[in-house]
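The values are calculated or read from the model by the stated rules, or taken from the named source; none is laboratory data. Keep in mind that what you see is a predicted model, and the values were worked out from it rather than measured. Ideal geometry is used to build each Cβ from the backbone, glycine not excepted, and the neighbour counts take in all protein chains shown.
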Amino acid sequence: MKPGRTTLHFERGGFYAEVENVTAMLCGRCGTKSIPGPTATKISDAVKRLFKVGKDLNSTGISFLKVTS
Ligand SMILES: [Zn+2]
């Protein structure tokens with residue numbers, strides 16, 4: 001396992017969300033991703049809110065990313 005970045009996909013009730021450039025520990029062999037506890041909690045909270053908001057939008061998904069300069 002080594003530190004890297006990954007994209008997480010979430011799907012719930014026909015609604016799709018994507019979180020890009022998540023800091024994670026990645027396995028180069030089998031592709032296993034391990035998200036550190038505090039990060040995983042933040043992401044799951046954010047995604048939960050996105051799905052809630054997404055229900056009110058006439059949309060199929062939200063892509064949320066931080067633009068680095
Ligand atoms: Zn592995």
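Details
- Residue selected from the range 52-69 under the condition farther than 13 Å from GLU20 by Cα and assigned to a loop (DSSP other than H, G, I, E, B), by the criterion modelled with the lowest pLDDT: SER69
- Residue match in the range 20-42 (condition: among the acidic types (Asp, Glu) and in a helix (DSSP H, G or I)): no
Quick grid of which residues meet (1) touching a helix residue (DSSP H, G or I) at 6+ places or on another chain (Cβ under 6 Å); (2) within 16 Å of the ligand (Cβ to nearest atom); (3) at pLDDT 90 or above:
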{"position": "ARG5", "(1), (2), (3)": "no, no, yes"}
{"position": "GLU18", "(1), (2), (3)": "no, no, no"}
{"position": "LEU26", "(1), (2), (3)": "no, yes, yes"}
{"position": "GLY31", "(1), (2), (3)": "no, yes, no"}
{"position": "ILE43", "(1), (2), (3)": "no, no, yes"}
{"position": "LEU50", "(1), (2), (3)": "no, no, no"}
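- Where ILE43 falls short, out of the listed (1) more than 9 Å from the chain's Cα centre (by Cα); (2) buried (at least 16 other Cβ atoms within 10 Å of the Cβ): (1)
- Whichever residue in the range 7-16 is more than 18 Å from VAL67 (Cα to Cα) and free of Cβ contacts under 8 Å to residues at least 24 places away in the same chain and, among such residues, is farthest from the ligand (Cβ to nearest atom): GLU11
- Condition broken by THR6, with the remaining ones in (1) touching a strand residue (DSSP E or B) at 6+ places or on another chain (Cβ under 7 Å); (2) among the polar types (S, T, N, Q); (3) part of a helix (DSSP H, G or I) satisfied: (3)
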